[in-house]
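A quick write-up on the structure given underneath.
Computed from the coordinates by the stated procedures, all read-outs in this text should not be read as laboratory data. Fair warning: this is a prediction, and the values are worked out from it, not measured in the lab. A quick note on method: Cβ atoms are made from the backbone with ideal geometry, for glycine too, and the neighbour counts reach across all protein chains shown.
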Amino acid sequence: MNVLNGMKAAYFTLGCKLNFAETSTVGRQLRDAGVEPVKEGESADICIVNTCSVTEVADSKCRQAIHRLVRRHPGALVVVTGCYAQLRPEQVASLEGVDLVLGAQEKGDIVRHIEQRLAMMPEERALVSHEHYTSRTSDIRSFVPSCSCGERTRYFLKVQDGCDYYCTYCTIPFARGRSRNGSIDMLVGQARQAAAEGGREIVITGVNIGDFGRTTGERFIDLLRALDAVEGIKRYRISSIEPNLLTDEILQFCAGSRAFMPHFHIPLQSGSDEVLRLMHRRYDTQFFADKVARVHELIPDAFIGVDVIVGTRGETDALFRDAHRFMEQLDVAQYHVFSYSERPGTKALQIPHAVRPEEKHERSQQILALSEAKLHIFYNRYARARRPVLLEHSHTPGIMHGFTDNYIRTEVRVAPDQPDNCIVQAELGPWNAAGDALTATLL
């Protein structure tokens, strides 16, 4: 007898694109077992919470989400997985209403764990208030494949998991384990399935995707070549890649490829060489500047997004000013700004000079303002330009949104019968300071 058949499940995901891709895969597995997603106003039998633990704020949001789901779906089996569950299983298990806590190694076998718990007699369940299964970091070895549809136009393909870098501020190697990946054949098969389902764009995701090949002996560049040959997929985007792993071979391939878009997301983390040294990053600011210049040389229209952390331990006022000056000069389109959060067990805690919260906030605001100015410059560069736009579904009649090949968000006026999930040519309008998209006209 299938204990799951006819049940309803609610899902809540926090954190990165990788988490969202993995939640989508869990949802597909549960649907195959007879579980339907809960609809608005219905009560769920099962609640899945996929957590993040990149900051203390993320931990707090996870706890709040669990409390809300427990209140909204009384009596539901509550399952918590993800990075927070791996790093703090006892803390998660102590939360009222939580039944199962599954770490990184167990995430791929979530359906079996749920079935086992639900198969218990009611009196047995009453004796077990919660269970948690989390492995030591050294035991996290399996690669759980995932290819999910975020919207009808965009899929997220997980190609790699874990990280071997051990930056001083980061808990991800402890939460997700060592670097590992799927095979090129497996991943190409998933891309073909996405194309068969009508997908037009795939975002390549992972924790440290440039490190692809640790478990299969293959190379990231060879994966890109194989994916580029998949018929039906019109666009690929590389979600985030370390600057030292974004090789010239990769850049030259993307410059001449069929489907890889002129769009890169490259983590900088700090514009100060001293702070980069304290972080144990594997490059300096000159290397990063040279990489950005090389991207523009080979792919002049490229959108370059950059991650930055402000307020890390050791970041004095003088070092922040150095970082700000460097970032002002860098020819990038946008900064994604994160305030440093102290994480237990990281080597950063051994670094003297902690930055006060008010200073972190002020520094964050300065970089956000710089980012807004950079984005304004980049968008204005393409005012009146003609670019291809992948149209996405909209709830507003006569209006669709989408992104150009080089990641400019657009708002397009369309006919009522205009289908989504197709690529159209559009002329971009000027920057609208009141919005986050360029208006565009179909050609």
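Taking 0.36 nm per intervening residue step and subtracting the Cα-Cα distance, what contour gain separates Arg258 from Gln286 on full extension? Intermediate results must be reported in sequence, preceding the final value.
Working: separation 28, 0.36 × 28 = 10.08 nm, distance 3.10 nm.
Using 0.36 nm per residue and subtracting the Cα-Cα distance, I get 7.0 nm.
Would you mind getting me the FRET efficiency between Glu372 and Gln116? Use the beta-carbon distance for r and R0 = 45 Å, nearest 0.05. Show your work: numbers first, answer last.
Values: r = 51 Å, r/R0 = 1.13.
Once rounded, the FRET efficiency stands at 0.35.
Would you mind calculating the gained length between Leu349 and Thr316 on full extension (0.36 nm times residue separation, minus the Cα-Cα distance), in nm to one decimal? Kindly include the intermediate steps, with their values, before the conclusion.
Numbers: separation 33, 0.36 × 33 = 11.88 nm, distance 1.54 nm.
Gain on stretching Leu349 to Thr316: 10.3 nm.
Would you order Phe378, Phe288 from fewest to most other beta-carbon atoms within 10 Å of each residue's own beta-carbon? Intermediate values should be presented prior to the final figure.
Details: Phe378 21, Phe288 24.
Ascending number of Cβ neighbours within 10 Å: Phe378, Phe288.
Taking K and R as +1 and D and E as -1, what net charge do the other residues with C-beta under 10 Å from the C-beta of Thr25 add up to? Don't skip to the end; give the middle numbers.
Details: positive: Arg28, Lys107, Lys158; negative: Glu22.
Spelling it out: positives minus negatives among the neighbours equals +2.
Suppose every Lys and Arg Cβ carries +1 and every Asp and Glu Cβ carries -1, with no other charges. What dipole size does the chain come out with about its Cα centre, to the nearest 20 debye?
Numbers: 52 positive and 56 negative charges, 29 e Å.
Around 140 debye, computed over the chain.
Using the Karplus equation 6.51 cos²θ - 1.76 cosθ + 1.60 (θ = phi - 60°), what ³J(HN,Hα) coupling, rounded to whole Hz, does each residue of the stretch 59-69 give in order, writing x for Gly and Pro?
For the stretch 59-69, the Karplus-derived couplings read 4, 5, 5, 4, 4, 4, 5, 5, 4, 5, 5 Hz, x marking Gly and Pro.
Sort the stretch 8-135 into rounded, prolate or oblate with this rule: let a ≥ b ≥ c be the square roots of the eigenvalues of the Cα gyration tensor; rounded if a/c is under 1.5, and if a/c is not under 1.5, prolate when a/b is larger than b/c, oblate otherwise. List each step's numbers first, then the result.
On the way: a/c = 1.32, a/b = 1.17, b/c = 1.13.
Note, shape of the stretch 8-135 comes out rounded.
Tell me which lysines have Cα within less than 27 Å of Lys347's Cα, excluding those fewer than 8 residues away on the same chain?
Lys17, Lys61, Lys360
Please list, in order, the residues from the stretch 33-48 whose amide nitrogen is less than 19 Å from a point placed 7 Å along the Cα→Cβ vector of Ser142.
33-34, 48
Just to check I understand the Karplus step: with θ = phi - 60° and J = 6.51 cos²θ - 1.76 cosθ + 1.60, what whole-Hz values come out for the stretch 342-349, glycine and proline as x?
6, 10, x, x, 8, 5, 4, 5
With Cβ to Cβ distances under 11 Å as the rule, what net charge do the other residues near Asp248 carry (K, R +1; D, E -1)?
On the way: positive: Lys291, Arg294; negative: Glu249, Asp290, Glu297.
Cβ neighbours under 11 Å give a net charge of -1.
Indicate the gyration tensor shape class of the stretch 386-442 (rounded, prolate or oblate), computed on the Cα atoms with a ≥ b ≥ c the square roots of the eigenvalues: a/c under 1.5 is rounded; otherwise a/b larger than b/c is prolate and the rest oblate. Intermediate results must be reported in sequence, preceding the final value.
Values: a/c = 1.72, a/b = 1.26, b/c = 1.36.
Since a/c reaches 1.5 but b/c is at least a/b, the shape of the stretch 386-442 is classed as oblate.
Going Cα to Cα from Lys8, which aspartates and glutamates come in below 13 Å? Please leave out same-chain ones fewer than 8 positions away.
Asp32, Glu36, Glu40, Glu42, Asp45
Can you compute the helix-only [θ] at 222 nm over the chain? Use -39500 (n - 2.57) per DSSP H run of at least 4 residues, normalise by all residues, nearest 500 deg cm²/dmol.
Working: 14 runs with 153 residues, N = 443.
Dividing the helical sum by the residues of the chain leaves -10500 deg cm²/dmol.
Within a 10 angstrom radius of the beta carbon, how do His73, His336, His376 rank from fewest other beta carbons to most?
Values: His73 21, His336 16, His376 13.
By the 10 Å Cβ count, ascending: His376, His336, His73.
Hey, rough spin-label estimate for Lys61 and Ala385, points 7 angstrom out along Cα→Cβ, what's it come to in nanometres?
Going by the 7 Å Cα→Cβ label model, 3.1 nm.
Can you sort Ser240, Ser339 from fewest to most other Cβ atoms within 10 Å of each residue's own Cβ? Mind showing how you got there, number by number?
Working: Ser240 22, Ser339 18.
Fewest-to-most ranking of Ser240, Ser339: Ser339, Ser240.
Within 14 Å, Cβ to Cβ, of Lys360, how many net charges do the neighbouring residues add up to if Lys/Arg are +1 and Asp/Glu are -1?
Local net charge: -4.
Going out from 0 in 10 Å bins, what whole percent of all Cα-Cα distances in the chain drops into each bin?
With 10 Å bins starting at 0, P(r) equals 4, 19, 28, 28, 17, 4, 0.
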